[in-house]
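Since every read-out is calculated from the coordinates, none of them should be taken as a lab result. All values reported here derive from a predicted model rather than from experimental measurement. Here the Cβ positions follow ideal geometry from the backbone for every residue, glycine too, while neighbour counts run over all protein chains shown.
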Amino acid sequence: MRLLYPKSNQFPFDDVCKRIIQELEKRGWKAPHITVRFHKEPTFSAVLHISGPDFILSFFDFGLSRSDDLAAVHEISIPGKKIEVYSTECGPTLYTGSIPTIAALKRRPTKYKGFCLCKETDGDESCEGRPHIHTNRRSPLLISDEDGPDGKPKTLDTAEVMEEFRQYLEEVVLQRIMSHPVAKPAETTSDSATCS
C-alpha cells in the first residue's frame, strides 16, 4: 500500500512536517511518547495525526482544506498556540491559550484570523478601523477577535507566527524523534501504529 507524503511547500513549516513523517517512518513509527495514527484507503494510506505531550499535527483533511495536497498538514498545536492553514490562503486561523488542545482550556482562547473583514476594495483601505485583507492572498497580519487595551484590535505578524511554529517543530519535535534509534527494516511498516 502506498503511503502519501505531504508534498506542499506553501507554508514555512511544510518541509519540517514532511521530515517528521520521514523520520518517524525510519523508526518504525515509534518514538517515546509520540503516537501516530493513519487513515487507510484501498490504494493508499496517509498519516492522520502525530501527537506528543506538547504538540499535535493533523494531516489528511477530508474537508480538503488543502485540496492540492491531501497529506499536507492543516492543523498544528504547540504549547500555548494552535494554527489552522488552508491552501486557498483564507486564514490562517490562530488560537492562543491552547495547551496543546483547545478542548482542554478553561477559558475561551483568543482567536486571530487572517482574512478580509469586508468586501473587496482597491487599495489599502480599512474596515471599521481594522486592516483590510484581501482573500486568496496570505494576510500579513492576523487580527484578533478581541480588542487590546487601546480599543484597537490586537494583531500579530503572520510570518513571525508561522516561523515560531516551524522553529518549535524543527528544534523540539524533530530533534526528539531523531534522538530515538532508527528501526530495523522489518519494523518500518505503518501497521505498527494506530489506524483509523
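Of Val172, Val161, the sequence from fewest to most neighbouring Cβ atoms within 10 angstrom is Val172, Val161. In terms of packing, defined here as the mean over residues of other Cβ atoms within 10 angstrom, the peptides 7-13, 37-43 line up highest first as 7-13, 37-43.
Just to verify a number: FRET efficiency for Lys154 and Asp54, C-beta to C-beta distance, R0 = 41 Å, to 0.05?
Calculated transfer efficiency: 0.95.
Neighbouring Cβ atoms within 10 Å as the yardstick, rank Lys113, Lys184, Lys152, Lys82 fewest first. List each step's numbers first, then the result.
Values: Lys113 19, Lys184 8, Lys152 11, Lys82 23.
In order of increasing Cβ crowding within 10 Å: Lys184, Lys152, Lys113, Lys82.
Going by neighbour counts of Cβ atoms within 10 Å, the residues His33, His180 line up, fewest first, as His33, His180.
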